[in-house]
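Working notes, structure below.
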Amino acid sequence: MITKQQVVQAHLPATLTPRDEAEAFAPSNIALCKYWGKRDAELNLPINASLSVSLAHLGTRTRLVHATDGRDRVWLNGAEQAADSAFSQKLLAFVDLFRAGHALPVHVHTQNNIPTAAGLASSASGFAALTLALNEWLNLELAPAVLSAFARMGSGSACRSLFEGFVQWEDGIRDDGMDSHGVRLEASWPELRIGLVKVATGEKAVDSRAGMKRTIETAHLYQSWPLQAAADLTRLHQAIGEKDFALLGQTAEQNALSMHATMIASWPPLLYWTPDSVAAMQQVWQLREQGLALYFTMDAGPNLKLLFEAGDQAQVEQAFAGLEVVAPFSA
Ligand code: DP6
């Protein structure tokens, strides 16, 4: 088995020359065709390719400061995190891949501007920003595709957050995973809007990592997932190429519900929805029946992400009070 450490090591210079400090930003992203299932859990290599849209200014800003007090410390949104907290440990374990045994103590300042109320995952933008900041801090000058492959080893979906706009995460075939990274699509869709519906916040009982493992191990239905994902990717490319919003929305919604179907068919069953999630889905379906071009997608949690176009924004905001709207392709 190839380890993360081996993969990173192969791209590091013989001597590291850290700057005093470095800073980077990465956007959060929402998958229109989901990543669900790994073929390699050490490197986070996916069973299927996926496609997302990045959320422009919503994401994570990470600053790394070469520590003069000689110890690693971690801050999240201004609050110092305990050294033994899961957050600090995961983050510093990732930094260790790059320090490769060298004594380089660091202070990590992580700032998320993703509205916590929207219940959006921040691990994707978090590992992407951390990877970019490490590249700066240690003067690595690595190519975006390499950095994307590294970010993937922190959290799979993070490899898509290295880029703006529509991003495809290639599944790849190499054992070291260096061909499994994000690739930005040329296309732009200025009218596209994403609405973040707050259903519930707080820690989820089963995170994506454990959820996809359980699904693969226990749900027979999962066998159809790679085929569904491949077909949906083709449809999404067509929708983006032809700017066919109905095709984009339908494909994204059906893809998300297909993923959730495999989770529900797991054992013990994995249902991330609350009654409020279902009520919001029904509201979307009702509005669509009335002629509104409105669709949704969902990840491993109870919140809905609405998909619509700029011309319908007022109507969608009226139907969903407190909606946070993102324009992914705004300048
Ligand atoms: C449902 O990227 O959080 O949001 O690789 O184990 O860190 P790990 O999982 P993660 O999974 C995201 C799953 C998803 C779908 C998606 O974003 O593609």
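The values are calculated or read from the model by the stated rules, or taken from the named source; none is laboratory data. All values derive from a computational prediction rather than experimental measurement. Virtual Cβ from ideal backbone geometry, glycine too; neighbours counted across all protein chains shown. Accessible surface areas use protein heavy atoms only, side chains included; no ligands, DNA or RNA. Shrake-Rupley method; radii C 1.70, N 1.55, O 1.52, S 1.80 Å.
Go through Ala200, Ala252, Ala256 for me and flag whichever is surrounded by fewer than 21 Cβ atoms within 10 Å (Cβ to Cβ) and touching a residue at least 12 places away in the same chain (Cβ under 8 Å).
Among Ala200, Ala252, Ala256, only Ala200 is surrounded by fewer than 21 Cβ atoms within 10 Å (Cβ to Cβ) and touching a residue at least 12 places away in the same chain (Cβ under 8 Å).
Is it the case that Glu170 is within 16 Å of the ligand (Cβ to nearest atom) and open to solvent by 30 Å² or more (accessible area, probe 1.4 Å)? Lay out the reasoning, then the answer.
Numbers: within 16 Å of the ligand (Cβ to nearest atom): yes; open to solvent by 30 Å² or more (accessible area, probe 1.4 Å): yes.
In short, yes.
Filter segment 26-70 down to residues that are part of a strand (DSSP E or B) and β-branched (Val, Ile, Thr) and give me whichever is surrounded by the fewest Cβ atoms within 10 Å (Cβ to Cβ). Show your work before the answer.
Initial filter on segment 26-70 (part of a strand (DSSP E or B)): 26-33, 38-40, 45-46, 50-66.
Okay, now just the ones that are also β-branched (Val, Ile, Thr), so 30, 53, 60, 62, 65.
Values: Ile30: 25, Val53: 28, Thr60: 28, Thr62: 28, Val65: 17.
Filtering first and then ranking leaves Val65.
Can you spot a residue in segment 311-329 that is within 16 Å of Glu253 (Cβ to Cβ) and among the small types (Gly, Ala, Ser)?
Within segment 311-329 (the criterion being within 16 Å of Glu253 (Cβ to Cβ) and among the small types (Gly, Ala, Ser)), the answer is no, since none of the residues qualifies.
Hey, does segment 203-218 have a residue that's away from the ligand (no atom under 16 Å from the Cβ) and either touching a residue at least 40 places away in the same chain (Cβ under 8 Å) or open to solvent by 20 Å² or more (accessible area, probe 1.4 Å) (or both)?
Of all residues in segment 203-218, those away from the ligand (no atom under 16 Å from the Cβ) come to 218.
Next, only the ones that are either touching a residue at least 40 places away in the same chain (Cβ under 8 Å) or open to solvent by 20 Å² or more (accessible area, probe 1.4 Å) (or both) stay: 218.
Yes: segment 203-218 contains one or more residues that are away from the ligand (no atom under 16 Å from the Cβ) and either touching a residue at least 40 places away in the same chain (Cβ under 8 Å) or open to solvent by 20 Å² or more (accessible area, probe 1.4 Å) (or both).
Within segment 13-25, count every residue that is surrounded by 15 or more Cβ atoms within 10 Å (Cβ to Cβ), touching a helix residue (DSSP H, G or I) at 6+ places or on another chain (Cβ under 7 Å) and in a loop (DSSP other than H, G, I, E, B).
Selection size over segment 13-25: 1.
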